[in-house]
Amino acid sequence: MATSVTGSGIHALFDLPWSPIYIGIIFLLHPWLGFFALGCSLLLIAMAVLNEYLVRSPLKQANDLATTNYNFTEMSLRNSEVVRAMGMIDGLIRRWGRDRNLALRRQAEASDRAALMSGLIRFLRLTMQSLILGLGAYLVIERQITGGTMFAASLLLGRGLQPVEQTVGLWRSLILARAALARVEKLVDGGALNERSFNLPKPTGKISVEQVSFAIASQQKVLLRDVSFRLDAGEALGIVGPSGAGKSTLARHLAGVMQPSRGTVRLDGADLSQWGHDALGDHIGYLPQDIELFADTVAANIGRFKTNVDQEVIAAARLAGVHEMIIRLPQGYETQIGEGGAVLSGGYRQRIALARAVFGTPNLIILDEPSSNLDADGDRALSECAIELKRRGSTVIIVSHRPSTLANVDKILLLRDGAVEAFGMRNEIVALLNQRAAPMAVATQ
């Protein structure tokens with residue numbers, strides 16, 4: 001749109017109202033010349049209408065595809081934590097590239113048609129100027145007009161038809177989204193998406209958090225204060241604490257989507273920063289507190305946009321206890337879930353996101369409030385999923401306020417004001433919390 005408004009073609013719109021005046025003057029010179037000029041004008045207008053008809057459909061498709069591609073990119077950026085934590089970058093880039101290439105093909109088709117019609121209209125305009133000279137020459141021979149009138153008619157016809165030709169050229173400048181695509185390409189080519197790291201061996205899931213602190217410099221706010229704990233492979237940890245204690249911030253650090261201001265998070269002894277996000281994502285499952293699904297099929301969301309993983313997708317859905325629900329959808333795993341999973345309920349979205357988190361049975365799984373939208377059946381499926389993950393040797397970390405969600409964890413970490421207040425075996429921490437709750441219950445009676 002900026003090109004259309006600021007380009008030279010915009011002047012044609014201001015010149016267009018003068019075309020009937022030029023043709024009217026030609027009528028005053030001689031009726032035959034006037035009718036010829038009128039016929040030429042009508043022919044060029046018909047060509048302009050034909051150009052609009054030929055360009056409208058591919059241009060509309062290109063604009064719609066560009067908008068869809070932009071929305072998909074925006075959603076991918078909003079879900080950067082999930083994308084980085086679970087190695088979905090390559091799959092998303094393939095999906096983005098597919099939509100972008102299709103939009104570019106439609107744009108090229110519209111541009112080629114507009115260029116062809118613009119060239120044809122220019123050819124016709126120049127031909128018409130020559131033909132009116134021939135008609136004028138005949139009238140001069142017949143002594144109906146002078147030689148000067150003949151040349152005047154040709155010049156006036158050229159001035160009258162030129163705005164129509166230039167207006168047709170404006171359609172080519174309506175090809176949109178190139179600037180947006182260039183910005184995305186810059187992000188892909190020069191940003192963190194191209195990080196490459198040394199390939200470490202597959203981790204077992206042993207986690208070590210060493211004096212991790214995190215602060216937001218701009219707000220001078222400390223969210224984590226010297227948090228330290230260790231988990232062996234295959235253990236399950238529940239993280240509890242009041243709102244604002246830093247539970248979700250700690251979960252993001254464990255998933256590798258945030259870097260601590262001080263301290264280290266280690267997976268099998270290696271700092272998470274030593275892992276490339278693509279490599280680390282294959283070994284981590286992450287369910288964030290704010291769930292966002294992508295505008296694609298159920299299978300694509302669960303499979304992290306990887307290809308030829310149908311059986312793994314079904315296995316993940318069965319593990320999350322959502323397989324039977326999916327196959328009852330209109331198209332099963334191929335059902336389009338809409339923008340952000342709009343066609344699904346909150347509980348349904350959460351269970352599909354859980355299936356995405358356990359896709360491929362990662363060695364480390366972080367679930368942030370996984371039961372916030374679940375009913376009793378969903379809670380039961382989540383509990384069975386956690387038990388099965390432990391049986392398979394995965395390390396499971398669950399952030400939750402529901403006691404039922406933490407029934408199968410081995411240890412509990414209590415956070416308060418960003419610091420560890422208690423950490424130990426589940427029975428010990430539960431007993432400690434019950435002791436603290438008893439005096440409060442008595443005081444309120």
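Numerical summary
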item: Residues of region 259-299 that turn out to be within 17 Å of MET75 (Cα to Cα), hydrophobic (A, V, I, L, M, F, W, C) and surrounded by fewer than 22 Cβ atoms within 10 Å (Cβ to Cβ), as a count; result: 1
item: Which listed residue, of LEU272, LEU231, is free of Cβ contacts under 8 Å to residues at least 24 places away in the same chain and more than 25 Å from the chain's Cα centre (by Cα); result: LEU272
item: Only one of ASP90, ASP99, ASP112 that is acidic (Asp, Glu) and either closer than 23 Å to PHE35 by Cβ or without any contact (Cβ under 8 Å) to a residue 12 or more places away in the chain (or both); result: ASP112
item: Condition met for ARG380 (surrounded by 24 or more Cβ atoms within 10 Å (Cβ to Cβ) and among the charged types (D, E, K, R)); result: no
item: Any hit, region 213-224, residues being modelled with pLDDT of 90 or more, surrounded by fewer than 18 Cβ atoms within 10 Å (Cβ to Cβ) and among the aromatic types (Phe, Trp, Tyr); result: no
item: Listing of strands (runs of 3 or more DSSP E) fully contained in region 203-258 that carry 2 or more residues being closer than 22 Å to ARG78 by Cα and of a type outside the set (Val, Ile, Thr); result: 207-216
item: Among the candidates ALA419, ALA443, residue that is modelled with pLDDT under 90 and of a type in the set (A, V, I, L, M, F, W, C); result: ALA443
item: Only listed residue being assigned by TED's automatic domain parsing to the domain that holds ALA300, farther than 23 Å from GLY238 by Cα, modelled with pLDDT under 90 and of a type outside the set (Val, Ile, Thr), chosen from PRO370, PRO330; result: PRO330
item: Members of region 233-247 found to be surrounded by 19 or more Cβ atoms within 10 Å (Cβ to Cβ), farther than 15 Å from GLY285 by Cα and of a type outside the set (D, E, K, R), listed by number; result: GLY238, ILE239, VAL240, GLY241, ALA245, GLY246
item: Residues of region 30-87 classified as of a type in the set (Val, Ile, Thr) and more than 30 Å from ILE366 (Cα to Cα), total; result: 5
item: Criterion: more than 21 Å from LEU155 (Cα to Cα), free of Cβ contacts under 8 Å to residues at least 24 places away in the same chain and surrounded by 15 or more Cβ atoms within 10 Å (Cβ to Cβ) - qualifying residue of VAL49, VAL83, VAL55; result: VAL83
item: MET75 vs. criteria closer than 30 Å to GLN274 by Cα, surrounded by 14 or more Cβ atoms within 10 Å (Cβ to Cβ) and in contact with a strand residue (DSSP E or B) (Cβ under 8 Å, 6 or more places away or on another chain); result: no
item: Hits in region 150-163 (condition: of a type outside the set (Phe, Trp, Tyr) and surrounded by fewer than 17 Cβ atoms within 10 Å (Cβ to Cβ)); result: LEU155, GLY158, ARG159
item: Check on ARG392, modelled with pLDDT of 90 or more, surrounded by 16 or more Cβ atoms within 10 Å (Cβ to Cβ) and basic (Lys, Arg); result: no
item: Residues (outside any helix (DSSP H, G or I) and either at pLDDT below 80 or closer than 17 Å to THR127 by Cα (or both)) located in region 1-47; result: MET1, GLY7, SER8, GLY9
item: Residue identified as out of contact with any His (no Cβ under 6 Å at 6 or more places or on another chain) and free of Cβ contacts under 8 Å to residues at least 40 places away in the same chain among SER261, SER248, SER243; result: SER243
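The values are calculated or read from the model by the stated rules, or taken from the named source; none is laboratory data. Bear in mind that the values here come from a model prediction, so they are computed numbers and not experimental data. As a convention, Cβ positions derive from the backbone with ideal geometry for all residues, glycine included, and neighbour counts pool all protein chains shown.
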